[in-house]
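The block underneath contains the structure these notes are about, expressed in structure tokens.
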Amino acid sequence: MPKVTISTIADAAGVSKATVSRYLNGHFERMSSETKQKIAAVIKQFDYYPNRQASSLKSSRTHLIGVVAADISNIYSTLLIKGINEVARTDHNQIMIGDAGDRLEQEREVLQLLLSQNVDGIILQPQSADPAAYQFITAANTPMVMVDRLTQPLSWPTVTSTDYRSSFELAQHVVAKYNEIAVFSNPIQLASPRSLRYQAFVDAAAEKGAHVILVETTGTRMAPLADYWRTHKEQHPAIFSTNGRLLMAVLQWLQDNAIQYPKQVGICGYDDWDWASLAGPGISSVAQHPTAIGAVAMHQLMAQIDGETLPALDQQVPATVNIRHSL
């Protein structure tokens with residue numbers, strides 16, 4: 001059988017080679033749904049993979065597993081990878097780790113590199129909520145599991161924490177004592193856990209008639225929170241940080257500014273590495289167990305690699321809510 005190339009796919013789909021190349025690289029801008037469906041159907045028909053015939057690609061296992069973290073410097077990523085690796089090595093798999101650097105373009109480059117290395121499957125903490133951004137992985141017939149963040153709609157098996165439920169439980173404790181609450185977060189529209197955690201506080205506050213304000217920042221910049229504090233400190237507010245790095249940054253900022261908690265302000269948030277019990281009087285927090293999330297995701301990926309078809313469902317690993325003396 002003649003070698004299948006991009007030209008073969010383009011001719012069969014009735015499009016240009018450039019259009020096929022854009023599809024394979026995940027660049028769907030100004031590409032109609034009809035064109036995408038047509039290219040996907042032809043790729044499936046020819047069992048095609050860029051630069052390789054899919055038959056040779058899938059004829060043997062490489063025991064390489066691609067893992068792409070949103071930000072490798074985050075301790076969440078470290079613990080997630082630990083859980084993935086603990087399960088991966090039971091079947092003699094080796095993980096290849098990529099860092100998206102919180103950038104969609106960098107994430108795509110890393111994913112393309114992993115595909116070029118003939119990985120058996122991919123575990124991804126996605127930058128985009130749009131499944132179309134990852135159709136090139138499906139086109140490569142590569143199994144994938146998403147972790148931590150949701151796409152809309154769900155298109156792959158996904159493993160997350162109980163973001164809304166656990167945040168709501170924590171929020172109920174907060175609104176029992178505080179009428180003014182700041183949710184301190186990186187931009188919530190960029191990651192589903194942030195929006196779910198914020199919404200949980202909004203809903204819990206509504207039941208009690210408390211007021212919630214969203215204070216967004218980039219990185220760990222404290223200027224937006226400092227601005228909030230100047231105008232709300234007399235109301236004795238509570239601050240909820242939506243991730244562990246922000247929670248640590250808030251505690252450092254409170255110390256630097258001689259602001260006492262819980263005397264002047266309540267403090268709580270997400271804690272991914274079990275340090276919150278050691279800070280001051282103990283910080284009320286949610287521990288979401290990324291090592292367990294990684295392990296579940298790897299089990300799901302191995303099942304797919306072995307030929308099992310898994311539904312595109314969100315499996316939630318229960319988080320732990322720890323109420324301490326910071327509220």
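The values are calculated or read from the model by the stated rules, or taken from the named source; none is laboratory data. These numbers come from a predicted model, not from an experiment. Here Cβ is always computed from backbone atoms with ideal geometry, including for glycine, and neighbour counts include all displayed protein chains.
Would you confirm, using the coordinates I've provided, whether ASP71 is in a loop (DSSP other than H, G, I, E, B), at pLDDT 90 or above and not aliphatic (A, V, I, L, M)? Give the derivation first.
Working: in a loop (DSSP other than H, G, I, E, B): yes; at pLDDT 90 or above: yes; not aliphatic (A, V, I, L, M): yes.
Here the answer is yes, as ASP71 does meet what is asked.
Considering only the stretch 8-46, how many residues are touching a residue at least 12 places away in the same chain (Cβ under 8 Å), among the polar types (S, T, N, Q) and not in a helix (DSSP H, G or I)?
1
Kindly indicate whether any position in the stretch 109-123 is under 30 Å from MET248 (Cα atoms), free of Cβ contacts under 8 Å to residues at least 60 places away in the same chain and either more than 16 Å from the chain's Cα centre (by Cα) or assigned to a helix (DSSP H, G or I) (or both).
If we filter the stretch 109-123 for residues that are under 30 Å from MET248 (Cα atoms), which is where we start, we get 110, 123.
Right, trim to free of Cβ contacts under 8 Å to residues at least 60 places away in the same chain and you get 110.
From what is left, the residues that are either more than 16 Å from the chain's Cα centre (by Cα) or assigned to a helix (DSSP H, G or I) (or both) are 110.
Yes, the stretch 109-123 has at least one match.
What number of residues within the stretch 17-39 satisfy the criterion of being small (Gly, Ala, Ser) and crowded, with 17+ Cβ neighbours inside 10 Å? Steps first, please.
The first filter runs over the stretch 17-39 and keeps only residues small (Gly, Ala, Ser), leaving 18, 21, 26, 32-33.
Now restrict to residues that are crowded, with 17+ Cβ neighbours inside 10 Å: 26.
Total meeting the criteria: 1.
Where in the stretch 130-234 are the helices (runs of 4 or more DSSP H), entirely inside, with at least 1 residues that are surrounded by 22 or more Cβ atoms within 10 Å (Cβ to Cβ), touching a helix residue (DSSP H, G or I) at 6+ places or on another chain (Cβ under 7 Å) and modelled with pLDDT under 95? Can you show your working first?
Values: elements: 135-139, 163-175, 192-208, 223-232.
So the answer is 135-139.
Of the residues that make up the stretch 285-302, is at least one assigned to a loop (DSSP other than H, G, I, E, B), more than 16 Å from the chain's Cα centre (by Cα) and surrounded by 13 or more Cβ atoms within 10 Å (Cβ to Cβ)? Step through it out loud before you land on a result.
Filtering the stretch 285-302 for residues assigned to a loop (DSSP other than H, G, I, E, B) gives 288-289.
Those still in the list that are more than 16 Å from the chain's Cα centre (by Cα) too: none.
No: the stretch 285-302 contains no residue that is assigned to a loop (DSSP other than H, G, I, E, B), more than 16 Å from the chain's Cα centre (by Cα) and surrounded by 13 or more Cβ atoms within 10 Å (Cβ to Cβ).
Whether any residue in the stretch 206-222 is free of Cβ contacts under 8 Å to residues at least 24 places away in the same chain, farther than 30 Å from MET302 by Cβ and not assigned by TED's automatic domain parsing to the domain that holds ALA295 is what I want to check.
First, the residues of the stretch 206-222 that are free of Cβ contacts under 8 Å to residues at least 24 places away in the same chain: 206, 221.
Filter again for farther than 30 Å from MET302 by Cβ, leaving 206, 221.
Then keep just the ones that are not assigned by TED's automatic domain parsing to the domain that holds ALA295; that gives 206, 221.
For the stretch 206-222, residues free of Cβ contacts under 8 Å to residues at least 24 places away in the same chain, farther than 30 Å from MET302 by Cβ and not assigned by TED's automatic domain parsing to the domain that holds ALA295: present.
Can you pull out every residue in the stretch 43-68 that is modelled with pLDDT under 85 and closer than 20 Å to GLU86 by Cα? Step through it out loud before you land on a result.
First, the residues of the stretch 43-68 that are modelled with pLDDT under 85: 44, 46-61.
Listed by number, the list holds a single entry, ARG61.
Show the residue pairs that are 6+ apart or on different chains and have beta-carbon atoms under 9 Å apart, the first residue being within the stretch 261-272 and under 28 Å from SER161 (Cα atoms), the second being basic (Lys, Arg) and buried (at least 23 other Cβ atoms within 10 Å of the Cβ).
TYR270/ARG197
Scan PHE168, PHE184 and give me the residue that is in contact with a strand residue (DSSP E or B) (Cβ under 8 Å, 6 or more places away or on another chain) and either within 21 Å of ALA287 (Cα to Cα) or not assigned by TED's automatic domain parsing to the domain that holds PRO237 (or both).
Answer to the selection: PHE184.
Answer with yes or no whether LEU313 is surrounded by fewer than 17 Cβ atoms within 10 Å (Cβ to Cβ), of a type in the set (A, V, I, L, M) and in the same structural domain as LEU225 (by TED's automatic domain parsing). I'd like the intermediate steps shown before the answer.
On the way: surrounded by fewer than 17 Cβ atoms within 10 Å (Cβ to Cβ): yes; of a type in the set (A, V, I, L, M): yes; in the same structural domain as LEU225 (by TED's automatic domain parsing): no.
Considered against the rule, which asks whether it is surrounded by fewer than 17 Cβ atoms within 10 Å (Cβ to Cβ), of a type in the set (A, V, I, L, M) and in the same structural domain as LEU225 (by TED's automatic domain parsing), LEU313 comes out as no.
So the check is Cβ under 6 Å with 6+ separation or different chains; which pairs have a first residue in the stretch 302-327 that's on the phi > 0 side of the Ramachandran plot and a second one that's outside any helix (DSSP H, G or I) and not β-branched (Val, Ile, Thr)?
Listed by first residue and then by second, the contacts come to nothing, as the list is empty.
Considering the stretch 124-146 alone, what residues qualify as being among the β-branched types (Val, Ile, Thr) and within 14 Å of the chain's Cα centre (by Cα)?
Initial filter on the stretch 124-146 (among the β-branched types (Val, Ile, Thr)): 137-138, 142, 145.
Scanning the stretch 124-146 gives a single hit, VAL145.
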